[in-house]
Amino acid sequence: MLSYASKRVLIGIATMLAASIVVFAVLEVVPGDPARLMLGMNATEDAVRALQEQMGLNQPLLVRYFHWLGGLLTGNLGRSYTYAVPVIDLITERIAVSLPLALISLALSTTIALPVGLFSASRRGTISDTATMGAAQIGVAIPNFWFALLLVYIFAVTLRLVPAGGFPGWSAGMWPALKSLILPSIALALPQAAILARVTRSALLDVLGEDYIRTARAKGLTRRSVLYRHALRNALIPILTILGLQFAFLLAGTIIIENVFYLPGLGRLVFQAITQRDLIVVEGVVMLLVATVILINLLVDLSYAVVDPRLRGRT
Amino acid sequence: MALLDIKGLSLKIGAFSVLERVNLAIEPGEIHALVGESGSGKSMTALSVMKLLPGNARAEGQIHFNGTDILGASEADMCKLRGDDIGMVFQEPMTALNPVKTIGEQVAEGIRLHTGASRAVTEERTRAILDRVGLPSAKFPLGRYPHELSGGQRQRVVIAIACALKPKLLIADEPTTALDVVLQAQILDLLQSLVYEEKMGLLLISHDLAVVADIADSITVLRHGEVMDHGETTQILTEQAHPYTRKLAQASMHVPERSSSHRWDGDGTLLSVRNVERIYRGHRTGLFSRRETNKAVDNVSFDLQSGQSMALVGRSGCGKSTLARMIIALDRPTGGEIALWSQRIDDLSEDALRPVRRNMQVVFQDPYGSFNPRHKAERLVAEPLYLLDTPLSVAEKRSRVDTALERVGISPRDRDKYPHEFSGGQRQRLAIARAIITEPKLIVADEPVSALDVSIRAQILDLFADLNGRLGIAYLFITHDLAVARAITDTVMVMSDGKIVERGPTGEVLRNPRSDAGRALVEASPDLHKALARRIGEQG
């Protein structure tokens, strides 16, 4: 168990380092000089050079990389060129919107998908199975921004139950803040739930064909208890894999959904930063996203070992 | 009244008829063998009794168990019977246990379900039954997972699950087919003693008459879903009144005729293995502890002459397949030398091996698993031709394929078929055709007939013998089945714990083995003649 876990952690750290190099390098070759952009088109060469010096842009590449990397490790992500505040402050402010949004969506999609998958698998080949999976197929096919617009039209514009967009901030109280996250999280969660339900069903059906399921039935277990006691845990590995991948997609999905709902989250922050060539913000947010995805993958890998005893002795 | 009474059982799966008016009765304490080749409906008969048939199966007739009408019983009633009054043991111990649950949990589950006993009582009973099947909790704690056990040990767990509540009827579906002969003897012994202790009825399903001849009181022979022959074991097997029974019995003892024209006295040493060793490095148990090492093959030396047929026998895990893989250069030894015609091959690059590979080919156990299902027979058989130095024209290729197919007894017209369109025996013929197409001097065959039915297996053995005689191909047969070794090999080597512990002419070694490993194999090997002689002796 220990060796498996420590190896995963080491791999995670190495991936982080590799990602930091890629992120830094890519933004380095992208055209657009931040100093010139900040000062505007009419700035003098001297002013631009002075600002470059002040921002450390004229230092050698490696020096800047290690400076940036050192900053990452100490939580100092630099100052935003456009907002002129520390990037870390921008991120903490925005993550208060994006993280709850992603977590609510994940919880929502899992609570929908697992029971639906179980239901469908236990009634394989029946009309209810076909109907559920047909619905899931539609769910997979619908793009989430279109679905978001539909939700806004029905629940915000017509029924006026929730706001159509914007975020009052957590200071405005728990409920108003949550209320404005309801539609975005549904829009994010539903396509994910549809995929996860299909994966759950097929993973369960695969497992139900195994020999040990027959052994369990020969013990006198009912179909139902075999499903819950023997099949589900074995089917968890593919489900966890998809769940881990989906979290990464959820984070990417927030960029679109936050724009549809005018939510001041990370997605909108990075979108604006890109258009304004605020590279240091982009770098910070992207590294955060990378770190989150790696962390999630690490958690998924570790949970494999919890689910499947065969992996515990491995390295 | 019989414990289990099957009358006129017919079974259809979809439109396909699987069983036709099958009759079978088992008394308490009786061991009843259900024998037949694959597809004869043995397993479906067993699953009918358990009422665990596939969803589209329709059963007619009567199955009475201990006063219960099985076909009329509700699912809830069947759940009460299964695992309590009827236990079942399956063929494949490697997959019959849930990999994510401990063996204790899996044995205890049935006990708790049927008796509602407390945790402590359940645990005690679990320990008791695991102890009874030969897994004492001091060595095999309840917290072990299936993957930490060997195949034989897993089968013991499956038997513990089936026998935990002392069922009145135990159904064992090919319980030893996946095990080596020594384990097979142990497991059959265990089943037999459990049956006698508890006065259980046992329905023992097998494809091998020799296996059941030893322990079954009575026999039913099934073919294409119909009962061919049934009665008391010794009588059925000594008289062999029914032609099909006779055919099965003969096939299981079949020894191919071998021409002596191409016996190994010609061109000298073909394969030479010198002090070969293969060490596997295990994983570290801790960050700084040393890796465990495992010597799978330990200082093995032997010579194989041109045209010689040699058997390498041993129990599963003795290192025989590892040795075979090194000989065909799929794996490299960690020490020693392997030479073909005095050319060292164990250190050659894959490119340099090409001309060597032409001269040695391989046949594996599973004729289905070793073919790409999306390729036609012609392409599959022609595969090794890429080893030739000059590529063949399409016409030449086809003629080589046709010759190879004809040599193994398949019509060249079948070259456009896919693997699934061939029967199991034909597929093994295809595998052999593929092996001989480059006209090799050596074929390494790893358990080439153990997945086949007895009658097909007899044909394939004939084919091997014939090719040895006609083409002078040398064989190295890897097997745990002494009947195969006896049938077609001149010499035999017994392997145990990675070492060759005994070698000599096949007949001599099998008649009078001197090593412990050799003796264990010979004693455990099912033999129809010996079993019948013993039983007739017992009966007076």
Problem set entry | Any chance A:Ala172 is crowded, with 22+ Cβ neighbours inside 10 Å and either of a type outside the set (Asp, Glu) or in contact with a Gly (Cβ under 7 Å, 6 or more places away or on another chain) (or both) | no
Exercise. Residues of the stretch A:259-315 being hydroxyl-bearing (Ser, Thr, Tyr) and in a helix (DSSP H, G or I), which ones?
Worked result: A:Thr275, A:Thr292, A:Ser303, A:Tyr304
Exercise. If you check every pair at least six apart or on different chains, which have Cβ atoms under 9 Å apart with a residue in the stretch B:108-119 that is within 12 Å of chain A (Cβ to nearest Cβ) and surrounded by fewer than 17 Cβ atoms within 10 Å (Cβ to Cβ) first and a residue that is not in a helix (DSSP H, G or I) and not small (Gly, Ala, Ser) second?
Worked result: B:Thr115/B:Asp84; B:Thr115/B:Leu165
For this session: Provide a single number: the residues in the stretch B:471-508 that are of a type in the set (A, V, I, L, M, F, W, C) and more than 16 Å from B:Met253 (Cβ to Cβ).
Result: 12
Exercise. Do any helices (runs of 4 or more DSSP H) lying entirely in the stretch B:292-404 carry at least 1 residues that are of a type outside the set (A, V, I, L, M) and under 30 Å from B:Val182 (Cα atoms), and which ones are they?
Worked result: B:320-327
Problem set entry | B:Pro440 being outside the structural domain of B:Arg223 (by TED's automatic domain parsing) and free of Cβ contacts under 8 Å to residues at least 60 places away in the same chain | no
For this session: Look through the stretch B:209-243, keep the residues that are surrounded by fewer than 22 Cβ atoms within 10 Å (Cβ to Cβ), in contact (Cβ under 8 Å) with a residue 40 or more places away in the chain and part of a loop (DSSP other than H, G, I, E, B), and return whichever of them is farthest from the chain's Cα centre (by Cα).
Result: B:Asp217
For this session: May I ask you to verify whether B:Ala57 is under 26 Å from A:Thr222 (Cα atoms), more than 14 Å from chain A (Cβ to nearest Cβ) and not hydroxyl-bearing (Ser, Thr, Tyr)?
Result: yes
Exercise. Could you say whether any residue in the stretch B:146-163 is polar (S, T, N, Q), more than 12 Å from chain A (Cβ to nearest Cβ), part of a loop (DSSP other than H, G, I, E, B) and over 13 Å from the mean Cα position of the chain (by Cα)?
Worked result: yes
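So that you can scan it fast, the table gives a plain yes or no per residue for (1) under 26 Å from the mean Cα position of the chain (by Cα); (2) among the polar types (S, T, N, Q); (3) not assigned by TED's automatic domain parsing to the domain that holds A:Val270:
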| position | (1), (2), (3) |
| --- | --- |
| A:Val29 | no, no, yes |
| A:Ala35 | no, no, yes |
| A:Thr44 | no, yes, yes |
| A:Leu51 | no, no, yes |
| A:Ile95 | yes, no, no |
For this session: Kindly check whether there is at least one residue in the stretch B:69-77 that is over 30 Å from the mean Cα position of the chain (by Cα), surrounded by 20 or more Cβ atoms within 10 Å (Cβ to Cβ) and more than 13 Å from every other protein chain (Cβ to nearest Cβ).
Result: yes
Exercise. Is at least one residue of the stretch B:8-15 in contact with an Asp or Glu (Cβ under 7 Å, 6 or more places away or on another chain) and either away from every other protein chain (no Cβ under 14 Å) or of a type outside the set (Val, Ile, Thr) (or both)?
Worked result: yes
Exercise. Out of all the residues in the stretch B:1-56, which are free of Cβ contacts under 8 Å to residues at least 12 places away in the same chain and surrounded by 18 or more Cβ atoms within 10 Å (Cβ to Cβ)?
Worked result: B:Leu47
For this session: For B:Ser74, indicate whether it is out of contact with any strand residue (DSSP E or B) (no Cβ under 9 Å at 6 or more places or on another chain) and either more than 26 Å from B:Pro136 (Cα to Cα) or not assigned by TED's automatic domain parsing to the domain that holds B:Leu183 (or both).
Result: yes
Problem set entry | Per-region count, the stretch B:44-72, residues assigned to a loop (DSSP other than H, G, I, E, B) and more than 19 Å from B:Leu222 (Cα to Cα) | 10
For this session: Looking only at the stretch B:212-220, decide whether some residue is of a type in the set (Gly, Ala, Ser) and touching a Gly at 6+ places or on another chain (Cβ under 6 Å).
Result: no
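The values are calculated or read from the model by the stated rules, or taken from the named source; none is laboratory data. What you see is a predicted model, and the numbers here were worked out from it, not measured in a lab. Glycine also receives a Cβ, built like all others from the backbone with ideal geometry; neighbour counts cover every protein chain displayed.
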